[in-house]
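Participant: Quick one: this structure, given as structure tokens, is what I'll be asking you about.
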There are 2 protein chains.
Amino acid sequence: MTDAWWSQPCPSPDVAAAQSAHARQGVLTKPPGSLGMLEDIAVWYAARQGSERPRVERVWISVFAADHGVAAEGVSAFPQAVTGEMVRNFIGGGAAISVLARAVGAALDVVHLGTVNDPGAIAGVHRAVIAPSTANFCDDAAMTSAQVAAAMQVGAERVALALDADADLFIGGEMGIANTTAATALACALLEESPDALAGAGTGLDDAGIAHKRAVVRRALSRHADAIDTLERLRRLGGFEIAALAGAYIAAAQARIPVLVDGFIATVAALVAVRLNAGVRDWLLFAHRSHERGHARVLAALDARPLLDLGMRLGEASGAAMAVPLLRMACALHRDMATFEQAGVSQA
Amino acid sequence: MTDAWWSQPCPSPDVAAAQSAHARQGVLTKPPGSLGMLEDIAVWYAARQGSERPRVERVWISVFAADHGVAAEGVSAFPQAVTGEMVRNFIGGGAAISVLARAVGAALDVVHLGTVNDPGAIAGVHRAVIAPSTANFCDDAAMTSAQVAAAMQVGAERVALALDADADLFIGGEMGIANTTAATALACALLEESPDALAGAGTGLDDAGIAHKRAVVRRALSRHADAIDTLERLRRLGGFEIAALAGAYIAAAQARIPVLVDGFIATVAALVAVRLNAGVRDWLLFAHRSHERGHARVLAALDARPLLDLGMRLGEASGAAMAVPLLRMACALHRDMATFEQAGVSQA
């Protein structure tokens, strides 16, 4: 599989642009370093856009919805019908990400990868149904090889649209009842961690529910202990939307589009992407630290320092959307502040 | 002094509006609690605006600039001339807060309370000069009683303008070479902490500089150990901009305008305001955790959980401006998301 598209190299950031941006930060009218992470973001973005003065204007958000066979194990606080119902809500404007995409002026691309409660064709929703659901990975592999490749391909195709739209930033979101269970199983396998360390409340399990979820993940890990390759682990334990996110992150990095990673599930997909193609890491920013238990561990595995910590645990790309103004304001400060010389201000 | 304007009561938040907003959060299409602090903000704002669905549209930022006599002790990395120079930069559009106020569409009110390097009358700058500088509080009280009252009054007058402009949010910022030294001395006095615990690098002191700053604060605390009243501590150890901020916070709370508190110096001013008038606390939100050493301790004294932690340490209201989009998006989610019933989505 080394000749697969997702193994193709990602471009390197532009070191000269980063150096130039770093020098500019040193002469703007503020004590050097006093804007903290905002300075780092501006320099990071300069290297990705190959420009001393980067911009984050056009933001593209793709939200991938898909159902999970493991929902049959009773691992979610919500009924499985919600996945299909939320597809309609995303495009109808009433979901959190619908509101936030409007607030930040982002394009919102809703992608339906397959739900048990199929809402059918909906104007504005991209229908790319792979199957009504993955298989229950307690019994079987979640996906066939063809399905995982198809899901990754859908992710890449959405990035191609983002590229056509001249997006300065790609954000991926997800919706799928039981998908924190899939993400937890996948993270446990990739990080060789126990379900006790990573399994959390998801959309709102109580302690008994979390204990059950841990047991389910433990069974799945035992069932698939022979899978040691990243792609095979994704196929056995992942989901259509997780594979689509991983494919999208790889394609975005290959296309020089910076990525803002959302919460727990998206970060597990990012871990898959980086394991499949190490060069992807250079193109990832991390939006927030989710309240979901396993997120901190997965962030640490990616050496990621997220921008926000607001106790959010919704998914849908909602945490990433919240961080968009921070990126824009970091670049605006970098671009529009006066230098000491321009403003006639004395230096230290 | 109990009949002073700043002792007059602050209105109570509207409990019924908060309950109504809290109930609404429970039926929006998301797992209850999954928006974390964003839900808390919406409910908090509902109680302050007396409306189930609050809005944060019009934002007013007043930045108060003033010089400090203690600068003579060599406690800043920057020359004192910078305070006056930055007044021109604020209104000229090149300072960080100038860029950020434009980015969030806020009114930016620049208030000149007195600088050693006086820039003179500048179009757009409100000139309210009290003196070129406070006195060096190592030798004397920083301010006379008339000066501290005048500075607090200027803060209140700026809030009156914000009220005339129908502001949904008041933000105060500050600029003044050596003002982390004044804020540290004041915080040490109010919290009975040692300068070792609270004194930090300010705009960029090295270890020797911080040690010197601690010694200066220690001398000041020893000189003014007999001052035990909050107003008297403010007079002896504060500064014009710190007094103006404290006055502004009190006036905003009295006028039902929510306040978003900036970094270390602003938070010390907020502590003064709350000590002078406990009802002010109900009207304060806290924008960010500054990199400045003493900030965490002062936040803890106010039981404050700030929204952002980006390593910023600039002042000028810059951290507060960064948090404005978070408040707006929290209210937009609360106002514009669909309920389960409206969207036809199943509940847990």
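Participant: If I filter region A:14-48 down to residues being away from chain B (no Cβ under 12 Å), closer than 22 Å to residue B:308 by Cα and not aliphatic (A, V, I, L, M), which single residue comes out as surrounded by the fewest Cβ atoms within 10 Å (Cβ to Cβ)?
Facilitator: Applying the filter and picking the extreme gives A:44.
Participant: Please go through region B:101-119 and pick out each residue that is within 27 Å of residue B:74 (Cβ to Cβ) and either part of a loop (DSSP other than H, G, I, E, B) or not assigned by TED's automatic domain parsing to the domain that holds residue B:252 (or both).
Facilitator: Scanning region B:101-119 gives B:113, B:114, B:115, B:116, B:117, B:118, B:119.
Here's the yes/no breakdown for (1) within 20 Å of the chain's Cα centre (by Cα); (2) over 28 Å from residue A:41 (Cβ atoms):
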position	(1), (2)
A:156	yes, no
A:178	yes, yes
A:194	no, yes
A:205	no, yes
A:214	no, yes
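Participant: Would you mind finding the one in A:98, A:51, A:76 that is within 14 Å of chain B (Cβ to nearest Cβ) and in a loop (DSSP other than H, G, I, E, B)? It would help to see each step written out before you state the result.
Facilitator: Numbers: A:98 fails: in a loop (DSSP other than H, G, I, E, B); A:51 fails: within 14 Å of chain B (Cβ to nearest Cβ).
Checking each option against the conditions leaves just A:76.
Participant: Among the listed residues B:233, B:223, B:275, identify the single one that is free of Cβ contacts under 8 Å to residues at least 60 places away in the same chain, buried (at least 17 other Cβ atoms within 10 Å of the Cβ) and not hydroxyl-bearing (Ser, Thr, Tyr). Can you show your working first?
Facilitator: Values: B:223 fails: free of Cβ contacts under 8 Å to residues at least 60 places away in the same chain; B:275 fails: free of Cβ contacts under 8 Å to residues at least 60 places away in the same chain.
Checking each option against the conditions leaves just B:233.
Participant: Taking residue B:65 as meeting all but one of (1) more than 18 Å from residue B:238 (Cα to Cα); (2) within 13 Å of chain A (Cβ to nearest Cβ), write down the number of the exception.
Facilitator: Exception for residue B:65: condition (1).
Participant: Given B:296, B:323, B:252, which one is in contact with a helix residue (DSSP H, G or I) (Cβ under 7 Å, 6 or more places away or on another chain) and hydrophobic (A, V, I, L, M, F, W, C)?
Facilitator: Criteria check complete, one pass: B:252.
Participant: Conditions first: (1) in contact with a His (Cβ under 6 Å, 6 or more places away or on another chain); (2) at positive phi. Residue B:202 passes all but one, so which condition is the exception?
Facilitator: (1)
Participant: Return the only residue of B:230, B:180 being closer than 30 Å to residue A:26 by Cβ and assigned by TED's automatic domain parsing to the domain that holds residue B:100. Explain how you work it out, then say what you get.
Facilitator: Numbers: B:230 fails: closer than 30 Å to residue A:26 by Cβ.
It is B:180.
Condition check ((1) among the hydrophobic types (A, V, I, L, M, F, W, C); (2) out of contact with any Leu (no Cβ under 6 Å at 6 or more places or on another chain); (3) surrounded by fewer than 20 Cβ atoms within 10 Å (Cβ to Cβ)) across all residues:
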| site | (1), (2), (3) |
| --- | --- |
| A:56 | yes, no, no |
| A:63 | yes, yes, no |
| A:73 | no, yes, no |
| A:92 | no, yes, yes |
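Participant: Follow-up. Among (1) surrounded by fewer than 24 Cβ atoms within 10 Å (Cβ to Cβ); (2) of a type outside the set (Ser, Thr, Tyr); (3) under 20 Å from residue A:269 (Cα atoms), which single condition is residue A:107 missing?
Facilitator: (3)
Participant: Is region A:144-156 home to any residue that is in the same structural domain as residue A:253 (by TED's automatic domain parsing), under 17 Å from residue A:224 (Cβ atoms) and either of a type outside the set (Val, Ile, Thr) or at pLDDT below 95 (or both)?
Facilitator: Within region A:144-156, the first condition is being in the same structural domain as residue A:253 (by TED's automatic domain parsing), and the residues that meet it are A:144-156.
Adding the requirement that they be under 17 Å from residue A:224 (Cβ atoms) leaves A:144-145, A:147-148.
Among the residues that remain, those that are also either of a type outside the set (Val, Ile, Thr) or at pLDDT below 95 (or both) are: A:145, A:147.
Yes, the conditions are met somewhere in region A:144-156.
Participant: When region B:181-228 is examined, which residues are found to be closer than 20 Å to residue B:246 by Cβ and hydroxyl-bearing (Ser, Thr, Tyr)?
Facilitator: Residues satisfying the conditions are B:181, B:184.
Participant: Still on this model: Going residue by residue through region A:278-298, is there one that turns out to be touching a Phe, Trp or Tyr at 6+ places or on another chain (Cβ under 6 Å), in contact (Cβ under 8 Å) with a residue 40 or more places away in the chain, among the hydrophobic types (A, V, I, L, M, F, W, C) and not in a helix (DSSP H, G or I)?
Facilitator: Within region A:278-298 (the criterion being touching a Phe, Trp or Tyr at 6+ places or on another chain (Cβ under 6 Å), in contact (Cβ under 8 Å) with a residue 40 or more places away in the chain, among the hydrophobic types (A, V, I, L, M, F, W, C) and not in a helix (DSSP H, G or I)), the answer is no, since none of the residues qualifies.
Participant: Can you find a residue in region B:151-171 that is of a type in the set (D, E, K, R) and on the phi > 0 side of the Ramachandran plot? Give the derivation first.
Facilitator: Kept after step one, since they are of a type in the set (D, E, K, R), are these residues of region B:151-171: B:157-158, B:164, B:166, B:168.
Checking the rest, the ones that are also on the phi > 0 side of the Ramachandran plot come to B:166.
Scanning region B:151-171, I find at least one residue that is of a type in the set (D, E, K, R) and on the phi > 0 side of the Ramachandran plot, so the answer is yes.
Participant: OK, next. Any chance you could count how many residues in region A:1-35 are over 24 Å from the mean Cα position of the chain (by Cα) and outside any helix (DSSP H, G or I)? Spell out the reasoning first.
Facilitator: Taking region A:1-35 and keeping what is over 24 Å from the mean Cα position of the chain (by Cα), we get A:3, A:15-35.
Adding the requirement that they be outside any helix (DSSP H, G or I) leaves A:3, A:26-35.
Of the residues in that region, 11 qualify.
Participant: Filter region B:293-348 down to residues that are under 12 Å from residue A:35 (Cα atoms) and of a type in the set (D, E, K, R) and give me whichever is nearest to the other protein chains (Cβ to nearest Cβ).
Facilitator: Looking at residues that are under 12 Å from residue A:35 (Cα atoms) and of a type in the set (D, E, K, R), I get B:313.
Participant: Can I ask one more? Just to be sure before I move on: is residue B:246 more than 14 Å from every other protein chain (Cβ to nearest Cβ), buried (at least 24 other Cβ atoms within 10 Å of the Cβ) and closer than 29 Å to residue A:305 by Cβ in the structure I sent? Don't jump to the end; show me each part of the working.
Facilitator: On the way: more than 14 Å from every other protein chain (Cβ to nearest Cβ): yes; buried (at least 24 other Cβ atoms within 10 Å of the Cβ): yes; closer than 29 Å to residue A:305 by Cβ: no.
Against the criterion (more than 14 Å from every other protein chain (Cβ to nearest Cβ), buried (at least 24 other Cβ atoms within 10 Å of the Cβ) and closer than 29 Å to residue A:305 by Cβ), residue B:246 does not qualify.
Participant: Among A:82, A:56, A:70, which is the only one that is within 14 Å of another protein chain (Cβ to nearest Cβ), of a type in the set (A, V, I, L, M, F, W, C) and touching a Ser or Thr at 6+ places or on another chain (Cβ under 6 Å)? I'd like the intermediate steps shown before the answer.
Facilitator: Details: A:56 fails: touching a Ser or Thr at 6+ places or on another chain (Cβ under 6 Å); A:70 fails: within 14 Å of another protein chain (Cβ to nearest Cβ).
Within the list A:82, A:56, A:70, the selection yields A:82.
Participant: Additional query: Has region B:250-257 got any residue that is touching a residue at least 12 places away in the same chain (Cβ under 8 Å), at positive phi, surrounded by fewer than 24 Cβ atoms within 10 Å (Cβ to Cβ) and not in a helix (DSSP H, G or I)?
Facilitator: Just the residues of region B:250-257 that are touching a residue at least 12 places away in the same chain (Cβ under 8 Å), to begin with: B:250-257.
Adding the requirement that they be at positive phi leaves B:256.
If we keep only those that are surrounded by fewer than 24 Cβ atoms within 10 Å (Cβ to Cβ) too, we end up with B:256.
Cutting the leftovers down to not in a helix (DSSP H, G or I) gives us B:256.
Yes, there is a match, as at least one residue in region B:250-257 is touching a residue at least 12 places away in the same chain (Cβ under 8 Å), at positive phi, surrounded by fewer than 24 Cβ atoms within 10 Å (Cβ to Cβ) and not in a helix (DSSP H, G or I).
Participant: How many of the residues making up region A:88-122 are touching a Pro at 6+ places or on another chain (Cβ under 8 Å) and acidic (Asp, Glu)?
Facilitator: 1
Participant: Shifting gears a bit: Pick from B:201, B:141, B:123, B:167: which is over 21 Å from the mean Cα position of the chain (by Cα), buried (at least 16 other Cβ atoms within 10 Å of the Cβ) and in a loop (DSSP other than H, G, I, E, B)? Before the answer, list the steps.
Facilitator: On the way: B:201 fails: over 21 Å from the mean Cα position of the chain (by Cα); B:123 fails: buried (at least 16 other Cβ atoms within 10 Å of the Cβ); B:167 fails: over 21 Å from the mean Cα position of the chain (by Cα).
Criteria check complete, one pass: B:141.
Participant: Taking the options B:65, B:21, name whichever one is among the small types (Gly, Ala, Ser), touching a helix residue (DSSP H, G or I) at 6+ places or on another chain (Cβ under 7 Å) and assigned by TED's automatic domain parsing to the domain that holds residue B:337. First the steps, then the outcome.
Facilitator: Numbers: B:65 fails: assigned by TED's automatic domain parsing to the domain that holds residue B:337.
Answer to the check: B:21.
Participant: Could you tell me whether any residue of region A:273-285 is under 29 Å from residue B:309 (Cβ atoms), within 10 Å of chain B (Cβ to nearest Cβ) and in contact with a strand residue (DSSP E or B) (Cβ under 7 Å, 6 or more places away or on another chain)?
Facilitator: No, region A:273-285 contains no residue that is under 29 Å from residue B:309 (Cβ atoms), within 10 Å of chain B (Cβ to nearest Cβ) and in contact with a strand residue (DSSP E or B) (Cβ under 7 Å, 6 or more places away or on another chain).
Participant: Output the residue which, of all residues in region A:101-116 that are over 18 Å from the mean Cα position of the chain (by Cα) and among the hydrophobic types (A, V, I, L, M, F, W, C), is nearest to the other protein chains (Cβ to nearest Cβ). If you could, list the steps in order and put the result at the bottom.
Facilitator: Keep residues of region A:101-116 that are over 18 Å from the mean Cα position of the chain (by Cα), which gives A:102-103, A:105, A:114-116.
Narrowing further to those that are among the hydrophobic types (A, V, I, L, M, F, W, C): A:103, A:116.
On the way: A:103: 5, A:116: 12 Å.
So, considering only residues that are over 18 Å from the mean Cα position of the chain (by Cα) and among the hydrophobic types (A, V, I, L, M, F, W, C), the one nearest to the other protein chains (Cβ to nearest Cβ) is A:103.
Participant: Sticking with this one: So is residue A:267 buried (at least 22 other Cβ atoms within 10 Å of the Cβ), in a helix (DSSP H, G or I) and β-branched (Val, Ile, Thr) or not? Explain how you work it out, then say what you get.
Facilitator: Numbers: buried (at least 22 other Cβ atoms within 10 Å of the Cβ): yes; in a helix (DSSP H, G or I): yes; β-branched (Val, Ile, Thr): yes.
Yes.
Okay, residues lined up against (1) of a type outside the set (A, V, I, L, M, F, W, C); (2) out of contact with any strand residue (DSSP E or B) (no Cβ under 6 Å at 6 or more places or on another chain); (3) under 24 Å from residue A:261 (Cβ atoms):
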| residue | (1), (2), (3) |
| --- | --- |
| A:23 | no, yes, no |
| A:26 | yes, yes, no |
| A:29 | yes, yes, no |
| A:39 | yes, yes, yes |
| A:43 | no, yes, yes |
| A:47 | no, yes, yes |
| A:51 | yes, yes, yes |
| A:58 | yes, yes, yes |
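The values are calculated or read from the model by the stated rules, or taken from the named source; none is laboratory data. Predicted model only: the values in this text are computed from it and were never measured. We place every Cβ from the backbone using ideal geometry, glycine too, and count neighbours over all the protein chains shown.
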